[in-house]
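Below is one structure, written out as structure tokens; the observations come after it.
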Amino acid sequence: MPLEQVLLLLVAAAGAGWVDAVVGGGGLLQLPALMVAGVSPVQALATNKFSSVCGTASAAVTYARTTKVDRQVAVPGAVLAVLSAGLGASAAAAISVEVLRPAVLAVLLAVAAFVTLRPAMGSVPQPHLRTRRRVVVAVAVGGVGIAFYDGIMGPGTGTFLIIAFTTILGWDFVSASASAKILNTGTNLGALLVFGWQGHVLWTLGLGMAACNILGAQVGARMALRRGTAFVRVVLLCVVVAMVIRLGWQQFA
């Protein structure tokens with residue numbers, strides 16, 4: 001692979017780490033960059049998981065040091081996420097992305113409208129929403145449903161987790177992002193184990209991208225913690241709009 005392509009991938013990995021650490025959606029940068037460099041789609045998805053799991057795990061540690069993490073949600077959710085994402089990755093070849101893309105596009109449009117029309121959402125925590133039943137629902141939605149989606153397709157997993165925790169449990173965006181990183185680490189790990197077993201990961205390239213992803217993730221996590229929920233909300237909307245544009249172009253172009 002030419003040196004300029006490798007450098008492009010390293011820059012993309014750093015940018016993806018920053019986006020993932022703030023709101024998720026770093027695959028918007030890494031996956032296209034890998035495929036532009038000539039990597040096959042399955043190898044791009046697999047190598048993206050390797051890079052992302054390193055960056056997301058480092059961001060999760062940074063968040064956990066300064067933000068209280070709800071262990072009753074994060075721990076069982078992460079365990080389920082490893083299993084569910086692994087199942088999703090195993091089923092990826094049997095489920096057409098063409099079928100999933102319109103559904104994901106519709107969900108993203110709904111998310112964009114929801115966040116835009118409810119500016120107060122995620123700005124202030126609403127602890128009264130956190131009931132035992134809602135905790136179970138949040139763990140199931142994040143650790144099973146969203147994790148399975150990450151194994152099959154992936155883009156926007158961290159964003160979906162943040163929205164799920166904010167709406168179901170009434171967390172603010174920063175707290176939701178902190179727990180989302182833990183579950184997202186589980187989803188990336190589950191998919192990576194399957195892709196690695198199948199021999200699709202480009203390990204040497206992935207190591208370089210992982211180092212840059214960690215660097216970007218550390219910068220992103222610190223910015224989110226320093227600037228607060230308003231900053232996370234703006235980045236969230238930008239990422240959702242970018243995903244809508246990308247998926248819409250793939251669907252209708």
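Determine whether residue 221 is in contact (Cβ under 8 Å) with a residue 40 or more places away in the chain, under 15 Å from the mean Cα position of the chain (by Cα) and under 21 Å from residue 173 (Cα atoms). Taking the combined requirement at face value, the residue satisfies it.
Hey, can you tell me all the residues within the range 204-245 that are of a type in the set (Lys, Arg) and crowded, with 17+ Cβ neighbours inside 10 Å? Outline the logic, then answer.
Kept after step one, since they are of a type in the set (Lys, Arg), are these residues of the range 204-245: 222, 226-227, 233.
Answer for the range 204-245, where residues must be of a type in the set (Lys, Arg) and crowded, with 17+ Cβ neighbours inside 10 Å: just 233.
Test residue 104 against the criterion of being under 19 Å from residue 191 (Cβ atoms), at pLDDT 70 or above, surrounded by 13 or more Cβ atoms within 10 Å (Cβ to Cβ) and β-branched (Val, Ile, Thr), and give yes or no. Talk me through it step by step, then tell me what you get.
Values: under 19 Å from residue 191 (Cβ atoms): yes; at pLDDT 70 or above: yes; surrounded by 13 or more Cβ atoms within 10 Å (Cβ to Cβ): yes; β-branched (Val, Ile, Thr): yes.
Yes, satisfied.
Among residues of the range 227-253 that are farther than 12 Å from residue 22 by Cβ and outside any helix (DSSP H, G or I), none has a Cβ under 9 angstrom from a residue that is open to solvent by less than 40 Å² (accessible area, probe 1.4 Å) and polar (S, T, N, Q) at a sequence gap of 6+ or on a separate chain. Within the range 13-39, being free of Cβ contacts under 8 Å to residues at least 60 places away in the same chain and in contact with a Leu (Cβ under 7 Å, 6 or more places away or on another chain) holds for 33, 34, 37. The conditions of being at pLDDT below 90, open to solvent by less than 10 Å² (accessible area, probe 1.4 Å) and over 23 Å from residue 82 (Cα atoms) are not met by residue 156.
Is it the case that the range 186-194 has a residue that's farther than 18 Å from residue 47 by Cβ, part of a helix (DSSP H, G or I) and of a type outside the set (Gly, Ala, Ser)?
no
The values are calculated or read from the model by the stated rules, or taken from the named source; none is laboratory data. Not measured: the values here are computed from a predicted model. Positions of Cβ are backbone-derived with ideal geometry, glycine not excepted, and every protein chain shown enters the neighbour counts. Just the protein is used for accessible areas: all its heavy atoms, side chains included, with ligands, DNA and RNA removed. Shrake-Rupley method; radii C 1.70, N 1.55, O 1.52, S 1.80 Å.
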